[in-house]
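The values are calculated or read from the model by the stated rules, or taken from the named source; none is laboratory data. Source: prediction; values computed, not measured. Counting neighbours? That spans all protein chains shown, and the Cβs are built from the backbone with ideal geometry, glycine included.
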Amino acid sequence: MSLPPLPLTVIGGYLGAGKTTLINRMLRAPGGRRIMVMVNDFGAINIDAELIEAAEGDMMSLTNGCVCCTMGADLFMALGDALDRRPRPDHLVIEASGIADPSRIAMAARAEPELAYEGIVTVVDGGEFPRLAADAQIGPQIEGQVRAADLVLVTKGGAPDLDLRLSVLSGAPVARLEEGTDATTLLLGQARDAKLPVEGRGHAAHVSWQGTGPVMDRATLEARLAARPPGLYRLKGWVRAPEGGVHEVQVVGAGVTLRHLREARETQLVGIGLRGTFDPAEADRWWRGG
Amino acid sequence: MSKITLFSAKKIITMDRNRPEATHVAVRDGRILAVGGADCAAPWGEAVVDESLADSVLMPGFVEGHAHMMAGGIWKYAYAGYHDRIDPEGRPAPGKTTIEEVVEGLKEHAAGLPADAPVIAWGFDPIFLPTERLNRHHLDEIAADRPVAVLFSNFHLMCVNSKALELAQYSRETNVEGVMKGADGTPNGELQEMAAMFPVMRRLGIDFRSISADREAVRAYGRVAQRAGVTTITDLFATFNPGDVDTLLEVTGAPDFPVRLVPAMGGTGAAPAEIAAQAAALRGRSTDKLRLGAVKLMTDGSIQGWTARVKWPGYVGGQPNGIWNTPPELIAELVAECQKAGVQTHIHVNGDEASEVAIDAIEAAGRSHPWAGARHVLQHCQMMGADQFRRCADLGICCNIFANHIWYFGDQHVALTIGEDRARRMDALRTALDEGVRATIHSDAPVTSLAPLFTAWAAVNRQTMSGRVLGEAQRVSVEEALHAVTLGAAYTLKMDGEVGSIETGKRADFAVLGADPFEAGAEGLKDVPVRGTVLGGEVHLL
């Protein structure tokens, strides 16, 4: 298998929360990536086909149903199609249906060797959330979507205490998605070709950070990562191992994956944090062990 | 002048009150010309007498109002279920009552496959094998050098052998929800839910879409129906990719295709108004053997999976309430748009909260877009109480009740899901009929076997697998049950003017039986042999 794994980001959230708007905004500034969007929710706003085209991307609608629709088999069959696509897209974004548990989809990226887990982003309509969460019929599923999130993006206002509530529920960073915010890097990670022009217009929702330096054994590295600074949403790179080779580091939200590789590389980490929550200077101190 | 064929039979049960029994039926141009005695066709001219059914009992061809195309295509895999079944070719597929029998059966199946082909089976259900849980070591006995996968009957779980785990790169290090591990910390072969199953399915080429849609699957579905005496069958949650309607037209249009197919398009994948418009457009492509234009909507999950949405007091084991596959507000919007476009819906409702939401949605749609003849159908209706049936009667909503569940899962419902009192009133055909609801009963094949006479038996006896009677008060008579699987089901498909009874003017669709179901009575109903069908006057004996 010579192709690199296909990164998968799942966008969850109830009907009308702003999932499609978020995806359209991301497609406007794809950072040179070919993005495939899999649409599973159909509301007042549609994915802009022209944006998909401009980004040399692709879109699949899940129009296939079968007896197993309750298990979401149609979605997974489409996932297989995406993996078989040549050229393979650079990133796959799945817009989950309004009631879906995004973790059931994202788990596929942990299971399938040809997929790479890039996180669950749950979009919340700040104004509607309290009412939906209190609804006896759908409340538990709505809260479940937030609980599954690696990152919560709040659209359309909401009471001041909402962020705290979402943060407690999810254990994940909570960010406000203002008009014009560019969240692409948060959602998809750093573009592969960093030389490409800036990601989008408007102010970025993220702050980057880079770390170099030490050789670390696995236990020390695990402990260090467990104490990573708040708001550090993504971390990717390599850390030299004393026994030779490197630890490949992959962090998205709460998920940390370490893998030992026999490659000779220098220690190099790239982090992406939430603007306003994440402080690169604090990250420097953390990484230096201070 | 077209040819007249006069069939003679040992007995013809017409389900027409004006002439409940007959000995002869005359057919011209695929329709019933006359019913009665040997001379019934005399006024119409010369008839050719067909004696091939002379020692059989004829009934109106059975109508299955809730089944899935997969019931045909799934037979390309080996059967590993607990209950005896018959495959589409008529070969017996004996039930496997122990893990050893599953292993032995699959060894035999593997021997007939090309050496590098994966060994795939379906229908396994651990609920009936309370001994050791199936694991990879059992399946390694079948083959060590090629993958083996056993799909469970609910399709939510599977068990695979070591080779399949290796292909999916599952190991001790794997940390994926649903990849189950044994005491030694290695994956034990059981994979739960799609995310965990996906890497194996992908590498073994298990594709639910092809077994639900390709030509061979459609033909196999036709054969499955023929074996059960079914002449009109639904496919509730059909796929329509470009070209699929052409394929269906071609396959169902063949003279030897023995059943009328009624697919209801799965109501996902587009905005509600668009779904309604698609279905309305499909209706125009209907033929006498392919009826398009209805939509299937999902609401909740299943009771035995604890995913059905149930009203207070919930599940007896204290499990959390189930899950919505479609949010209630979207269900309301889908029903409203369908009703506005004149599109009939079939709505999956297992739990009583789901049926309530569906009834509310139909009631609301009736206020915004009145349509007295909509005949929306609630499907499964398993926990509905008398109050909900009364609302259905008020609103003209049909109910297709999952009668087979009483036998297959009744004991589990008492012990594990909703408890004795609510299990007694499950699948309440008696109440539905008494409250004036247009009702039918179904198999949900391949979930349970397609066999309307068995389904009728289940509704008449309400016996569970352990032999007890569950809800005596909900039993119905043989006649009521037979009406349910003929005219009752035809009504829910808006085809009661064409099929469902043997009377002049209707299509000449018959079930050819080896005995009289009324003589067989309540106990023997399920054992009445099916010899084949007649569709539009064409004889399709087994």
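Among the residues of segment B:47-63, those identified as surrounded by 14 or more Cβ atoms within 10 Å (Cβ to Cβ) and over 12 Å from residue B:6 (Cα atoms) are B:56, B:57, B:58, B:59, B:60, B:61, B:62, B:63.
Hey, does segment B:170-182 have a residue that's buried (at least 24 other Cβ atoms within 10 Å of the Cβ) and under 21 Å from residue B:77 (Cβ atoms)? No.
For segment B:471-490, how many residues are part of a loop (DSSP other than H, G, I, E, B) and of a type in the set (Ser, Thr, Tyr)?
Looking only at segment B:471-490, we keep the residues that are part of a loop (DSSP other than H, G, I, E, B), and these are B:471, B:475-477.
If we keep only those that are of a type in the set (Ser, Thr, Tyr) as well, we get B:477.
Adding up the residues that qualify gives 1.
Might you check whether a residue that is buried (at least 19 other Cβ atoms within 10 Å of the Cβ), at pLDDT 95 or above and part of a strand (DSSP E or B) occurs anywhere in segment B:38-46? Looking through segment B:38-46, none of the residues is buried (at least 19 other Cβ atoms within 10 Å of the Cβ), at pLDDT 95 or above and part of a strand (DSSP E or B). Close Cβ contacts (under 7 Å, 6 or more residues apart or on different chains) running from residues in segment B:177-206 that are away from every other protein chain (no Cβ under 12 Å) and under 22 Å from residue A:80 (Cβ atoms) to residues that are surrounded by 21 or more Cβ atoms within 10 Å (Cβ to Cβ) and among the aliphatic types (A, V, I, L, M) comprise B:189/B:139; B:189/B:160; B:189/B:165; B:190/B:157.
Name the single residue, out of those in segment B:161-176 being touching a Gly at 6+ places or on another chain (Cβ under 7 Å) and more than 13 Å from chain A (Cβ to nearest Cβ), that is nearest to residue B:301 (Cα to Cα).
Applying the first criterion (touching a Gly at 6+ places or on another chain (Cβ under 7 Å)) to segment B:161-176 yields B:161, B:165, B:172.
Applying the additional criterion that residues be more than 13 Å from chain A (Cβ to nearest Cβ) yields B:161, B:172.
Working: B:161: 29, B:172: 32 Å.
Filtering segment B:161-176 for residues that are touching a Gly at 6+ places or on another chain (Cβ under 7 Å) and more than 13 Å from chain A (Cβ to nearest Cβ), the one nearest to residue B:301 (Cα to Cα) comes out as B:161.
A count restricted to segment B:129-156 and to residues that are closer than 24 Å to residue B:405 by Cβ, in contact with a helix residue (DSSP H, G or I) (Cβ under 8 Å, 6 or more places away or on another chain) and at pLDDT below 90 stands at 3.
Could you please find all residues in segment B:360-401 being of a type outside the set (S, T, N, Q) and within 14 Å of another protein chain (Cβ to nearest Cβ)? Spell out the reasoning first.
We begin by selecting, within segment B:360-401, every residue of a type outside the set (S, T, N, Q); these are B:360-367, B:369-378, B:380-381, B:383-387, B:389-399, B:401.
Hits for segment B:360-401 are B:360, B:361, B:380.
The strands (runs of 3 or more DSSP E) found entirely in segment B:498-542 include none that carry 3 or more residues being more than 23 Å from residue B:291 (Cα to Cα), at pLDDT below 95 and out of contact with any Ser or Thr (no Cβ under 7 Å at 6 or more places or on another chain).
Residues in segment B:220-251 that are touching a residue at least 40 places away in the same chain (Cβ under 8 Å) and assigned to a loop (DSSP other than H, G, I, E, B) were compared, and the one that is farthest from the other protein chains (Cβ to nearest Cβ) is B:229. Scan segment B:64-86 for residues that are crowded, with 16+ Cβ neighbours inside 10 Å and either part of a loop (DSSP other than H, G, I, E, B) or free of Cβ contacts under 8 Å to residues at least 60 places away in the same chain (or both) and the total you get is 11. Only one of the listed residues (B:265, B:298) is within 14 Å of another protein chain (Cβ to nearest Cβ) and in contact with a Cys (Cβ under 8 Å, 6 or more places away or on another chain). That residue is B:298. Taken over segment B:458-469, the criterion of being closer than 28 Å to residue B:156 by Cβ and surrounded by 23 or more Cβ atoms within 10 Å (Cβ to Cβ) is satisfied by B:458, B:459, B:462.
Here residue B:446 passes the criteria (1) free of Cβ contacts under 8 Å to residues at least 40 places away in the same chain; (2) buried (at least 24 other Cβ atoms within 10 Å of the Cβ) except the one numbered (1).
Sort out which residues of segment B:183-194 are surrounded by 15 or more Cβ atoms within 10 Å (Cβ to Cβ) and charged (D, E, K, R), and write them in order of number. Let's see the steps before the verdict.
Of segment B:183-194, the ones surrounded by 15 or more Cβ atoms within 10 Å (Cβ to Cβ) are B:186-194.
Correct list: B:190, B:193.
Confirm whether residue B:110 is of a type outside the set (Ser, Thr, Tyr), surrounded by 14 or more Cβ atoms within 10 Å (Cβ to Cβ) and within 14 Å of chain A (Cβ to nearest Cβ). So residue B:110 fails the test.
Could you please find all residues in segment A:244-290 being assigned to a loop (DSSP other than H, G, I, E, B) and more than 18 Å from the chain's Cα centre (by Cα)? Before the answer, list the steps.
Taking segment A:244-290 as the starting set, the residues that turn out to be assigned to a loop (DSSP other than H, G, I, E, B) are A:244-245, A:253-254, A:262-267, A:275-279, A:289-290.
Residues satisfying the conditions are A:244, A:245, A:262, A:263, A:264, A:265, A:266, A:267, A:276, A:279, A:289, A:290.
Exactly one residue out of B:232, B:252 is surrounded by fewer than 24 Cβ atoms within 10 Å (Cβ to Cβ) and either among the β-branched types (Val, Ile, Thr) or not assigned by TED's automatic domain parsing to the domain that holds residue B:485 (or both): that is B:252. Within segment A:230-247, is even one residue of a type in the set (Lys, Arg), out of contact with any His (no Cβ under 9 Å at 6 or more places or on another chain) and at pLDDT 90 or above? Within segment A:230-247 (the criterion being of a type in the set (Lys, Arg), out of contact with any His (no Cβ under 9 Å at 6 or more places or on another chain) and at pLDDT 90 or above), the answer is yes, since at least one residue qualifies.
Kindly state which helices (runs of 4 or more DSSP H) lie completely within segment B:109-219 and contain at least 2 residues that are out of contact with any Lys or Arg (no Cβ under 9 Å at 6 or more places or on another chain) and over 21 Å from residue A:113 (Cα atoms). Step through it out loud before you land on a result.
Working: elements: B:136-140, B:162-167, B:193-204, B:210-213.
Answer list for segment B:109-219: B:136-140, B:210-213.
In segment B:359-385, the residues that are closer than 19 Å to residue B:294 by Cα reach residues that are of a type in the set (Gly, Ala, Ser) and buried (at least 17 other Cβ atoms within 10 Å of the Cβ) with C-beta atoms within less than 7 angstrom, at least six apart or across chains, in these pairs: B:361/B:332; B:365/B:336; B:369/B:336; B:378/B:355; B:378/B:358; B:381/B:355.
Scanning segment B:323-349 for residues that are touching a strand residue (DSSP E or B) at 6+ places or on another chain (Cβ under 9 Å) and closer than 22 Å to residue B:394 by Cβ yields B:331, B:334, B:335, B:338, B:339, B:343, B:344, B:345, B:346, B:347, B:348, B:349. Do we find a residue being of a type in the set (A, V, I, L, M, F, W, C), within 14 Å of chain B (Cβ to nearest Cβ), in contact (Cβ under 8 Å) with a residue 12 or more places away in the chain and touching a helix residue (DSSP H, G or I) at 6+ places or on another chain (Cβ under 7 Å) anywhere in segment A:162-185? No - not one qualifying residue is present in segment A:162-185.
Scan segment A:160-176 for residues that are assigned to a loop (DSSP other than H, G, I, E, B), at pLDDT 85 or above and surrounded by fewer than 23 Cβ atoms within 10 Å (Cβ to Cβ) and jot them down. Spell out the reasoning first.
Within segment A:160-176, the subset assigned to a loop (DSSP other than H, G, I, E, B) is A:160-161, A:171-173.
Add one more test, that the residue is at pLDDT 85 or above, and what stays is A:161, A:171-173.
Of everything in segment A:160-176, those that are assigned to a loop (DSSP other than H, G, I, E, B), at pLDDT 85 or above and surrounded by fewer than 23 Cβ atoms within 10 Å (Cβ to Cβ) turn out to be A:161, A:171, A:172.
Scanning segment B:301-326 for residues being at the interface with chain A (Cβ under 8 Å from one of its Cβ atoms) and closer than 22 Å to residue B:234 by Cβ gives a total of 4.
Of the residues A:142, A:120, only one is assigned to a helix (DSSP H, G or I), within 14 Å of chain B (Cβ to nearest Cβ) and either modelled with pLDDT of 95 or more or within 18 Å of the chain's Cα centre (by Cα) (or both); which?
Working: A:120 fails: assigned to a helix (DSSP H, G or I).
Step by step, each of A:142, A:120 is checked, and only A:142 is assigned to a helix (DSSP H, G or I), within 14 Å of chain B (Cβ to nearest Cβ) and either modelled with pLDDT of 95 or more or within 18 Å of the chain's Cα centre (by Cα) (or both).
If you take the residues in segment B:327-358 that are under 16 Å from residue A:135 (Cβ atoms) and free of Cβ contacts under 8 Å to residues at least 40 places away in the same chain, which one is farthest from the other protein chains (Cβ to nearest Cβ)? Taking the candidates together, the pick is B:332.
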